[in-house]
Amino acid sequence: MPVNEAEVSGEPGRPRPARIQQGAAKDRASQLSLMMSAAPHEAIPDGLPGRWWVAHTKPRQEKALAADLWSTDVQPYVPLGVRVTRSRKTGRTSKSTIPIFPGYLFFCGTQQDRERALKTQRIVTVLSVHDQDQLIDELRQIHRILSSGRGYQTHQSVKVGQVVKILNGPLMGLQGIVSGRRSSVRFVLNVHMLGQSVIVDISIDDIEAIDTSP
């Protein structure tokens, strides 16, 4: 007698996430490995109930939260990269998988799923995604890059007009506004009392965005 997936998942009419349909890997490492080896449309599938959300997690809780969500048949996505480290004592190298966006996890679910996710105590807040299609397209493109085996770098998204702080070098600690983007960021330091500005080009790796929201 065929098993009704909706009955197994515990919610009538609710399909299981694509990853669970493909295999029953029980440990977290295997689940994450299956996710990253899947095709983009399987790792970030269509046709799931609810909508995509962005969870801002507590430190180092991304993988544990993904396991919690899988256990309730909610589809998570954690973009993972490989980090290679070398032991100072032995000189041996080791590899580990780490989130390329530390502190963030994406998941597709209903409002009830969102509320259950918050009860795991692994989340600081859940962000609503207004443009669902754009997020899905961006995640699939990132997944293709990560699964290709090619080298990559992550950079924060810096916009013109955004307030930033310089992290390194002789200008470390200065705060200013981004006025332009080329291969580097054009950093503007305003002297409001004089109505004058000083402009300098800074590498995007040497700045950090500042949250100015009230």
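Each reported figure results from applying straightforward, stated rules to the coordinates on display, with no laboratory input. Keep in mind that this is a model prediction, so the values were computed, not measured.
Values computed for the structure shown
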item	result
Phi to ³J(HN,Hα) by Karplus 6.51 cos²θ - 1.76 cosθ + 1.60 over the range 123-135, Hz, x for Gly, Pro	10, 7, 7, 10, 9, 7, 9, 6, 9, 5, 4, 5, 4
Within straight-line cross-link reach of Lys95, lysines at Cα separation under 19 Å, skipping those fewer than 8 residues along the same chain	Lys63
Rounded to whole Hz, the Karplus (6.51, -1.76, 1.60) HN-Hα couplings of the range 51-61, x for glycine and proline	9, 7, 10, 10, 9, 8, 8, 5, x, 6, 10
Cα-based reach from Lys165 at 24 Å (exclusive), listing lysines while leaving out same-chain residues under 8 positions away	Lys58
